[in-house]
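Single-structure report; data block below.
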Amino acid sequence: RPAQFQLAAPLTVAFAPASLPRDLPGPLPFSETREQETRLNPLTSIASRYEMLYRSTTAREEAALQAATPPEADAALRLLQDAPLGALTVYVLPETSSLLPQGVDIYVGRHRSAVVRAAPGLAALRARLQQVTHVMSFTAASVSAALSDRVPASQLGPDAGRHFKSSLGYEITFSLLNPDPKSHDVHWDIEDAIGRYVQPLLDKLSFMANFSVASQILYYAVLGVTPRFDKESSSFLLSAHSLPHVINPVEARLGSSAASLYPVLNFLLYVPERSHSPLYIQDKDGALVGTNAFHSPRWGGIMVYNVEGPAAPQASLPLRVDVDMVRVMEVFLAQLRLLFGISREVLPPEFLLESPGNEGLADWELDRLLWARAVENIATVSTTLTSLAQLLDKIGNIVIKDDVASEVYRAVAAVQSAMEELALGHLHSAFQASKEAVTSSERAFFDPSLLHLLYFPDDQKFAIYIPLFLPMAVPILLSLAKIVREARKRKKDPTKTD
């Protein structure tokens, strides 16, 4: 059935004094709507709508915009906003404003607001607003990546296959691999590092899914690929083409995904053995990777942590190693963002993007993620219920229990609610409804009363019941044959009557 996703986002444009374009169509405040439709395939399209309200800034907003630096203004404006998920506010400053640095026309903060320099005409201002929404809100590309199963590969960007699919939960495992404990006594304060760097990000993402975090230390765990020795640098190198072969031998030791109900994100810190130190990773062009780390799409990341130089002094073994967790967690956090599909595009020089800080995720980045995940959840429920209907059609004698039927009805109602809320621009309730739809559809599909019928086809029924009924059927069939023979004999020899 054709699926049209209608996504709406409210956008407020607030003009500071002396920043109004000359060709405004009327006095403030006024509204306008910008719409665009993108067809992903013959059955799926995305209709995006931005409902724009133009108004003047309030006195308190003007005071906040007098701050010395853009981050200070962003923090002050945050206190004045009560913007729901998915809503954006853009503040327009006069061209002569000193808040934005020279050469910067657009500043995007940590929250749900941006500051742009005024343009001489409305058309130029609209172009800048479109740049802002392209960065801070949903785009056809971000939604297409969420619908990757329905979109031709040629339409997808390079990052579409990197991130994990939408799930109700995720398990994150941090592993320290020490293949040479006789030489290296490695210590890492992973508990403090998770609390300081990872937990703030997960707290922000908790609305999206449930997270569990674990850590472990594995001794004598090797990468499974022998690095190449480079005489010039007196170091060992792992080339890009050998990296895919690193994961399988290590994964066999992890043991985390075997008993997991949810996707597992693996982050490995590898301390090379003494005989292969120092160890560096090369990219496809032969250059050394600055972070000495790489990530595997929909799996996790590995970082190589060198503790000794080429000519290490003959110190007493094992050598105590205290891992610099700040450097390690910076790499793992960047990989974690990539695996969730939170990647920042390369922007033109007139853009200034504020770093998300300790939270690891800006508010508008969370909104972008939720737009995509809400659409992905709806598509997942559609696929699950279609598969369930096809399954039930194939099994003619199935009995569907009332609780299974009610879960299906609940999933359909939740999907319809999610679609309606998306069209109204209510991101919070739309995403919540899409999560409820996924939960109900999976309960229906994996219900135990249906599951055993998948593995009990007709030929198995005959194989089970024939040995039971055949011994009883033999004397019955022999008796029937005897009755038939006697009846035929009576017809041939009619009884004589006197």
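Comparison of Thr384, Thr291 shows that the only residue that is over 30 Å from Arg128 (Cα atoms) and in contact with a Phe, Trp or Tyr (Cβ under 6 Å, 6 or more places away or on another chain) is Thr384.
Have a look at Val132, Val151, Val198, Val116 and point out the one that is under 30 Å from Ile378 (Cα atoms), modelled with pLDDT of 90 or more and in contact with a helix residue (DSSP H, G or I) (Cβ under 8 Å, 6 or more places away or on another chain).
After applying the criteria, what remains is Val198.
The rows are residues; the columns are (1) within 12 Å of Ala374 (Cα to Cα); (2) modelled with pLDDT of 90 or more.
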| site | (1), (2) |
| --- | --- |
| Met419 | yes, yes |
| His426 | yes, yes |
| Glu436 | yes, yes |
| Thr439 | no, yes |
| Arg443 | no, yes |
| Ser449 | no, no |
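Based on this model, can you work out whether Val321 counts as in contact with an Asp or Glu (Cβ under 9 Å, 6 or more places away or on another chain) and assigned by the TED database to the domain that holds Tyr197? For Val321, the condition - in contact with an Asp or Glu (Cβ under 9 Å, 6 or more places away or on another chain) and assigned by the TED database to the domain that holds Tyr197 - is met. Once the range 85-107 is narrowed to residues that are open to solvent by 50 Å² or more (accessible area, probe 1.4 Å) and touching a strand residue (DSSP E or B) at 6+ places or on another chain (Cβ under 8 Å), the residue that is nearest to Ala362 (Cα to Cα) is Pro101. Within the range 126-135, the residues that satisfy the criterion of being out of contact with any Ser or Thr (no Cβ under 9 Å at 6 or more places or on another chain) and open to solvent by less than 30 Å² (accessible area, probe 1.4 Å) are Leu129, Val132, Val135. Do you know which residues across the range 401-453 are assigned to a helix (DSSP H, G or I), touching a helix residue (DSSP H, G or I) at 6+ places or on another chain (Cβ under 6 Å) and open to solvent by 60 Å² or more (accessible area, probe 1.4 Å)? Arg410, Glu436, Arg443, listed by residue number. Out of curiosity, is Leu79 open to solvent by 60 Å² or more (accessible area, probe 1.4 Å), touching a strand residue (DSSP E or B) at 6+ places or on another chain (Cβ under 6 Å) and not assigned by the TED database to the domain that holds Glu376? In short, no. Taken as a whole, the structure places Arg344 among residues that are touching a Leu at 6+ places or on another chain (Cβ under 8 Å) and of a type in the set (Lys, Arg). Counted as qualifying within the range 286-389 are the strands (runs of 3 or more DSSP E) with 3 or more residues that are at pLDDT 90 or above and in contact with a strand residue (DSSP E or B) (Cβ under 7 Å, 6 or more places away or on another chain), namely 300-304.
One residue stands out among those in the range 335-383 that are among the hydroxyl-bearing types (Ser, Thr, Tyr) and surrounded by fewer than 20 Cβ atoms within 10 Å (Cβ to Cβ): the one that is nearest to Gly300 (Cα to Cα), which is Ser343.
Okay, residues lined up against (1) in contact (Cβ under 8 Å) with a residue 12 or more places away in the chain; (2) on the phi > 0 side of the Ramachandran plot; (3) in a strand (DSSP E or B):
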site	(1), (2), (3)
Pro25	yes, no, no
Leu28	yes, no, no
Leu40	yes, no, yes
Arg49	yes, no, yes
Arg55	yes, no, yes
Glu72	no, no, no
Leu77	yes, no, no
Pro84	yes, no, no
His111	yes, no, no
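Applying a threshold of 7 Å to beta carbon distances and a minimum spacing of six or more residues, or different chains, the list of pairs starting in the range 413-440 at a residue that is within 15 Å of Asp367 (Cα to Cα) and ending at one that is among the hydrophobic types (A, V, I, L, M, F, W, C) and open to solvent by 20 Å² or more (accessible area, probe 1.4 Å) reads Leu427/Leu85; His428/Leu85. Checked against the criteria, Ser45 does not count as of a type in the set (S, T, N, Q), open to solvent by 80 Å² or more (accessible area, probe 1.4 Å), closer than 30 Å to Val375 by Cβ and in the same structural domain as Pro84 (by the TED database). Looking only at residues of the range 390-400 that are part of a helix (DSSP H, G or I) and not charged (D, E, K, R), we find that the one that is most open to solvent (accessible area, probe 1.4 Å) is Gln390. Residue pairs whose Cβ atoms lie under 9 Å apart, sitting 6 or more positions apart in sequence or on different chains, and linking a residue in the range 197-210 that is among the basic types (Lys, Arg) to a partner that is in a helix (DSSP H, G or I), are Lys204/Glu359; Lys204/Asp363; Lys204/Leu366. For the range 451-476, filtering for residues that are small (Gly, Ala, Ser) and modelled with pLDDT of 80 or more leaves 1.
For the range 271-292: of the residues being open to solvent by less than 10 Å² (accessible area, probe 1.4 Å) and of a type outside the set (Val, Ile, Thr), which is farthest from Val225 (Cα to Cα)?
Pro278
Tally the residues that are aliphatic (A, V, I, L, M) and surrounded by fewer than 15 Cβ atoms within 10 Å (Cβ to Cβ), restricting the search to the range 311-334.
5
The values are calculated or read from the model by the stated rules, or taken from the named source; none is laboratory data. Quick caveat: nothing in here was measured; it's all calculated off a predicted structure. Backbone-built Cβ (ideal geometry, glycine too); neighbour counts: all protein chains shown. The protein model used for the area step is the full one, side chains on, heavy atoms only, and it has no ligands, DNA or RNA in it. Shrake-Rupley method; radii C 1.70, N 1.55, O 1.52, S 1.80 Å.
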